[in-house]
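The block underneath contains the structure these notes are about, expressed in structure tokens.
The values are calculated or read from the model by the stated rules, or taken from the named source; none is laboratory data. Just so it is clear, the structure is predicted and the values come from calculations on it, not from any experiment. Reconstructed Cβ throughout: ideal geometry from the backbone, glycine too, with neighbour counts over all protein chains shown.
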Amino acid sequence: MPRQARIALAGVPVHIIQRGHNRSVCFFSDQDFVRYLDELAELSVRFSCAVHAYCLMTNHVHLLLTPQEADGCARLMKHLGQRYVQHVNRTYRRSGTLWEGRFRSCLVETEHYLFVCGRYIELNPVRTAMVSHPREYRWSSYRANAEGARSDLIKPHDLYRTLGGGDQARRDAYRGLFQDQDMAAIKEIRLATNGGFVLGGERFRSEVAPMAGRRVVPGKAGRPAREIRVRS
């Protein structure tokens with residue numbers, strides 16, 4: 001069966017997940033996390049992708065970014081994956097694959113889902129009980145977005161600037177988004193990303209569908225109902 005075409009549009013945010021092969025560890029030391037982020041910073045500029053949020057877990061990666069060109073994400077992830085695998089194989093004298101095939105992704109509607117997705121990403125270490133608060137986890141964008149920590153990687157989306165009239169007001173408003181975890185939204189994000197669909201409302205999905213040329217939401221489970229004809 002041919003692989004399903006990835007949905008990608010210039011200027012539309014994308015949530016990306018890349019997992020280690022068989023969900024194995026892909027970061028073995030602090031230096032590995034630093035190396036990955038350095039490569040991401042360089043390549044995001046090269047391929048014109050603005051990174052809004054990230055979280056590097058021990059066996060997978062979450063990114064939220066906006067490409068200026070439709071193929072920007074694919075090109076970024078290809079080169080990033082190759083560079084990082086070369087680093088790991090050289091450092092630890094190993095060979096073979098590190099990642100679980102293709103990365104998974106979904107388009108993200110800006111107005112209603114950008115911050116929901118960013119919160120989902122930066123709360124990953126809390127949900128897995130690695131830390132009690134997102135600021136305690138070193139390898140995410142939370143401290144840059146919520147507390148103003150210096151970052152050469154993070155490029156806030158224009159919507160972030162509408163959170164307040166100044167930097168501190170925006171950070172306060174952003175932290176306020178983390179008061180509650182919306183379990184329905186978490187389920188929706190996972191379903192859209194793992195299936196390569198669209199994360200957004202009905203209007204957004206209907207706008208994207210003609211450009212994507214394929215289904216942008218999951219189909220109904222099970223076989224189509226059989227048509228029953230009644231003889232007259």
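Taking ALA41, is it over 24 Å from SER206 (Cα atoms), assigned to a strand (DSSP E or B) and either among the small types (Gly, Ala, Ser) or touching a residue at least 60 places away in the same chain (Cβ under 8 Å) (or both)?
Against the criterion (over 24 Å from SER206 (Cα atoms), assigned to a strand (DSSP E or B) and either among the small types (Gly, Ala, Ser) or touching a residue at least 60 places away in the same chain (Cβ under 8 Å) (or both)), ALA41 does not qualify.
Residues of the stretch 191-206 that are surrounded by 16 or more Cβ atoms within 10 Å (Cβ to Cβ) and not polar (S, T, N, Q): ALA192, GLY195, GLY196, PHE197, VAL198, LEU199, GLY200, PHE204, ARG205.
I need the full set of residues from the stretch 1-33 which are over 19 Å from the mean Cα position of the chain (by Cα) and either closer than 28 Å to HIS157 by Cβ or at pLDDT 95 or above (or both), in order please. If the condition is that a residue be over 19 Å from the mean Cα position of the chain (by Cα) and either closer than 28 Å to HIS157 by Cβ or at pLDDT 95 or above (or both), then PHE28, SER29, ASP30, GLN31, ASP32 are the ones that fit. Filtering the stretch 122-161 to residues that are among the small types (Gly, Ala, Ser), under 20 Å from ILE189 (Cβ atoms) and buried (at least 18 other Cβ atoms within 10 Å of the Cβ) leaves SER140, SER141, ALA146.
So, in the stretch 162-186, of the ones that are closer than 24 Å to PRO67 by Cα and of a type outside the set (D, E, K, R), which residue ends up surrounded by the most Cβ atoms within 10 Å (Cβ to Cβ)? Among residues in the stretch 162-186 that are closer than 24 Å to PRO67 by Cα and of a type outside the set (D, E, K, R), the one surrounded by the most Cβ atoms within 10 Å (Cβ to Cβ) is TYR174. Considering the conditions (1) of a type outside the set (Lys, Arg); (2) farther than 22 Å from ALA192 by Cβ; (3) assigned to a loop (DSSP other than H, G, I, E, B), LEU9 is excluded by exactly one of them, (2).
Name the single residue that is modelled with the highest pLDDT among those in the stretch 165-195 being touching a strand residue (DSSP E or B) at 6+ places or on another chain (Cβ under 7 Å) and of a type in the set (S, T, N, Q). Applying the filter and picking the extreme gives THR193. Criterion applied to VAL51, VAL34, VAL85 was being of a type in the set (Val, Ile, Thr) and either within 22 Å of THR110 (Cα to Cα) or touching an Asp or Glu at 6+ places or on another chain (Cβ under 8 Å) (or both), and the one residue passing it is VAL51. Scanning the stretch 67-78 turns up no residue that is surrounded by fewer than 21 Cβ atoms within 10 Å (Cβ to Cβ), in contact with a strand residue (DSSP E or B) (Cβ under 8 Å, 6 or more places away or on another chain) and part of a helix (DSSP H, G or I). When the stretch 98-132 is limited to residues that are over 18 Å from ILE154 (Cα atoms) and of a type in the set (Val, Ile, Thr), the one that is farthest from the chain's Cα centre (by Cα) turns out to be VAL131.
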